[in-house]
Structures are given as C-alpha cells and as structure tokens.
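Notes follow the structure.
The values are calculated or read from the model by the stated rules, or taken from the named source; none is laboratory data. Keep in mind the model is a prediction, meaning the values are calculated, not measured. Note that each Cβ is placed from the backbone with ideal geometry, even for glycine, and that neighbours are counted across all protein chains shown.
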Amino acid sequence: MQLQINKEQVLAELQRHVGRENGIHGRDLVARITGQATNQPALERAVRDFIVELRMDQHRVCGYPASGYYMAATQKEFDDTCVFLLERASTTVDQVAAMKGRFAPDLYIEMGVPSPSKKSTTAGVSK
C-alpha cells in the first residue's frame, strides 16, 4: 500500500473524473491513490497542493466543496470554476483594500471573467 502521492498520480485519477457530476473529494482521491481508506490529513493537504500545481500547469481542474474535484467537461464548468476562485480571491483582496483604505482592483476585469454581480471596489463604497 502506497503512503505517498505525487502530482502525476493526482492528475491520472482526476482524468477519470470528468464533469461536475463525477467529482471526487480530496479524502477519496487519497484513498483511491493509496489504497487506504483511513483519514490522512497530510496527504489530503498534499492533494490540495497538487491541485494548485496542476492549475498552474494550465490543467482545467475544477472543484467545489459540495462536488469535489473534477476535470472540466464543458467551457461552462471551467468558467464557473474561474468565477468561484475569483470570488474567493476577491473577498481577500477586498478585505485588504478596506483595511488599508484603498481601492481594490476588479479581478474579474483583470482576468477577463464575467463578474457574477456588482461588488464594492473601495472600502465602504458600493458601485
């Protein structure tokens, strides 16, 4: 039984999970790769780190807490994941901008992703 995971193994397993309806959670990815069904937080953390690396390598890895990770089957799944990730990043950027009393950049415009809604771009000032 294997107790280590590498990026190539994560990618190979994700390629069996195409489309949101076929998503797999991190703990289940660990179990599939290692053959171990027990909780392994360190390996789950490694899977999350490899997901980031795969995305940085331009693999279209999607994921949501409810559905788990999967490879995009459609452009819409890919776009929805980009919006989800930008929402998370925007929340953090907005907090930093507010604390510093500065304007926050519109990450949706910067990344060429349609904004899901109008949001505040300055500390305490709505558009």
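Miscellaneous remarks
- Unmet criterion (only one of (1) surrounded by fewer than 17 Cβ atoms within 10 Å (Cβ to Cβ); (2) among the hydrophobic types (A, V, I, L, M, F, W, C); (3) more than 19 Å from GLY19 (Cβ to Cβ)) for PHE84: (3)
- Test: ASP94 is surrounded by 15 or more Cβ atoms within 10 Å (Cβ to Cβ), touching a Phe, Trp or Tyr at 6+ places or on another chain (Cβ under 9 Å), outside the structural domain of LEU14 (by TED's automatic domain parsing) and not β-branched (Val, Ile, Thr): no
- Residue count for the stretch 43-101, restricted to those that are of a type in the set (Val, Ile, Thr), more than 12 Å from the chain's Cα centre (by Cα) and within 24 Å of VAL30 (Cα to Cα): 0
- Residues satisfying the stated conditions in the stretch 37-71, i.e. without any contact (Cβ under 8 Å) to a residue 24 or more places away in the chain and among the small types (Gly, Ala, Ser): ALA37, ALA42, ALA66
- Search result, residues across the stretch 56-78 that are surrounded by 12 or more Cβ atoms within 10 Å (Cβ to Cβ) and among the charged types (D, E, K, R): ARG60, GLU77
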